[in-house]
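K.L.:
Got a structure for you, written out below as structure tokens; questions coming shortly.
The values are calculated or read from the model by the stated rules, or taken from the named source; none is laboratory data. Everything numeric here is computed off the predicted structure, so don't read it as measured data. Positions of Cβ are backbone-derived with ideal geometry, glycine not excepted, and every protein chain shown enters the neighbour counts.
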Amino acid sequence: MILRIRYLVLAALLALGIYAGGQLLPLASGDPVSLTAVPTPSQALTTQTAAPTPTRAAATPQPTPTALQPTPAPDLAPTCARIDALDEAERTLALSQLTWAPDYAGAVVLPSCNLAGENTPRAVVLHYTRGSLVGAVSRFQSPNEASAHYVVDRDGRVYQMIPERYGAYHASCRGERGYCQAACPICEDELGHYSEPYSQSIGIEIVNWGPVGDPAAFTEYPLYEDYNQAYGYRYWEDYSPEQVAAVKTLVEDICARWNIPLDPAHVFGHARVNKKADPGPALNLFWDRYGEPPREAIWPQP
């Protein structure tokens with residue numbers, strides 16, 4: 001029952017564009033780091049501040065990528081250990097009060113405590129959520145669940161859930177190299193030893209349903225018809241122009257800050273790591289789409 005209430009509250013706040021990691025309006029990119037102390041169980045139920053009158057926040061402008069070095073993020077591990085020890089209601093409240101200065105200036109913080117140890121990014125992995133923004137955020141904020149560094153909504157708004165210095169559980173070999181694809185580019189370290197992909201990458205989830213089995217019944221969002229019928233599907237939810245622009249700017253910013261080459265060997269979909277289909281043929285990173293509507297590559301190759 002508590003999980004359902006939490007889901008409905010989160011859905012309402014995200015729909016209004018007023019929830020952001022303990023703040024009811026998005027943080028400005030220059031705001032200082034704020035790690036609110038986790039309340040004790042007795043405090044957690046009495047210290048929540050009153051919300052301002054709901055307003056619809058405008059979509060966050062996407063900044064120009066910069067070649068700056070990554071900014072050290074706060075150490076969230078001790079804070080998250082305390083949060084994870086709380087019961088469900090107190091944990092939800094404590095998470096809503098947790099925030100930090102985002103690594104990407106265009107992001108709004110929606111914190112998750114599903115940290116996967118230290119991260120040394122050398123690739124960017126793209127996913128689709130196979131569901132709504134609210135569903136993805138709710139799952140990633142639940143304990144012992146998957147997580148991702150960023151979620152990009154259909155309107156182009158970017159949410160950061162895990163600081164880049166930490167791994168996020170967006171792709172994993174589950175302790176066995178054979179669980180991942182044989183050609184996985186980030187399943188070994190630079191010495192060729194087995195290493196979990198989440199410790200070497202930044203994961204971006206894009207709100208999208210992926211393959212569509214019945215196109216006549218799928219009327220809420222635009223469709224992409226894939227003439228190659230990748231993964232056995234001809235129809236896929238298309239990515240909005242706002243999403244494509246936001247993903248392009250976000251990936252370029254990450255690559256610039258972490259010195260990751262912007263090429264197919266270092267920016268790729270989840271399908272390169274695990275036996276998955278995401279982000280699917282509708283998101284054409286380095287190739288022109290062969291389908292309807294056509295679209296040039298996001299990053300055309302020479």
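K.L.:
List the residue pairs whose Cβ atoms are under 8 Å apart, where the first residue sits in segment 113-131 and is farther than 22 Å from Pro143 by Cα, the second is aromatic (Phe, Trp, Tyr) and part of a strand (DSSP E or B), and the two are 6 or more positions apart or on different chains.
P.N.:
Between residues of segment 113-131 that are farther than 22 Å from Pro143 by Cα and residues that are aromatic (Phe, Trp, Tyr) and part of a strand (DSSP E or B), the close pairs are Ala123/Phe268; Val124/Phe268; Val125/Phe268; Leu126/Phe268.
K.L.:
OK, next. Could you list, in sequence order, all residues of segment 147-171 that are in a loop (DSSP other than H, G, I, E, B) and surrounded by 20 or more Cβ atoms within 10 Å (Cβ to Cβ)? Outline the logic, then answer.
P.N.:
The first filter runs over segment 147-171 and keeps only residues in a loop (DSSP other than H, G, I, E, B), leaving 147-149, 153-157, 161-165, 169-171.
Within segment 147-171, Ser147, Ala148, His149, Asp153, Gly156, Arg157, Met161, Ile162, Pro163, Glu164, His170, Ala171 qualify.
K.L.:
Being of a type in the set (Val, Ile, Thr), within 21 Å of Val151 (Cα to Cα) and under 17 Å from the mean Cα position of the chain (by Cα) is the requirement here; does Ile298 meet it? Write out each step before concluding.
P.N.:
Numbers: of a type in the set (Val, Ile, Thr): yes; within 21 Å of Val151 (Cα to Cα): yes; under 17 Å from the mean Cα position of the chain (by Cα): no.
No; evaluated as a whole, the condition is false for this residue.
K.L.:
Here are Leu68, Leu126, Leu76: which of them is modelled with pLDDT of 95 or more and either under 16 Å from the mean Cα position of the chain (by Cα) or not charged (D, E, K, R) (or both)?
P.N.:
Numbers: Leu68 fails: modelled with pLDDT of 95 or more; Leu76 fails: modelled with pLDDT of 95 or more.
Result: Leu126 is the single residue among Leu68, Leu126, Leu76 that is modelled with pLDDT of 95 or more and either under 16 Å from the mean Cα position of the chain (by Cα) or not charged (D, E, K, R) (or both).
K.L.:
Let me ask something additional. Note down all Cβ pairs under 6 Å where the first residue falls in segment 66-86 and is at negative phi and β-branched (Val, Ile, Thr), the second is surrounded by 11 or more Cβ atoms within 10 Å (Cβ to Cβ) and at pLDDT 85 or above, and they're at least six residues apart or on different chains.
P.N.:
Ile83/Arg91; Ile83/Ala94; Ile83/Cys113
K.L.:
Also, I was wondering about something else. Given the residues Asn144, Asn119, which is the only one that is polar (S, T, N, Q) and at pLDDT below 95?
P.N.:
Details: Asn119 fails: at pLDDT below 95.
Answer to the check: Asn144.
K.L.:
Right, next: Among the residues of segment 180-191, what is the count of those that are surrounded by 14 or more Cβ atoms within 10 Å (Cβ to Cβ) and either among the polar types (S, T, N, Q) or more than 18 Å from Thr120 (Cα to Cα) (or both)?
P.N.:
Final tally of qualifying residues: 2.
K.L.:
Moving on to the next point. For segment 282-294, name all the residues that are closer than 20 Å to Leu250 by Cα and touching a residue at least 40 places away in the same chain (Cβ under 8 Å). Before you say what the answer is, go through the steps one by one.
P.N.:
Here is the first cut: in segment 282-294, the residues closer than 20 Å to Leu250 by Cα are 282-287.
Listed by number, the residues that qualify are Ala282, Leu283, Leu285.
K.L.:
From the list Pro294, Pro261, Pro279, which residue is buried (at least 17 other Cβ atoms within 10 Å of the Cβ) and outside any strand (DSSP E or B)?
P.N.:
Residue meeting the stated conditions: Pro279.
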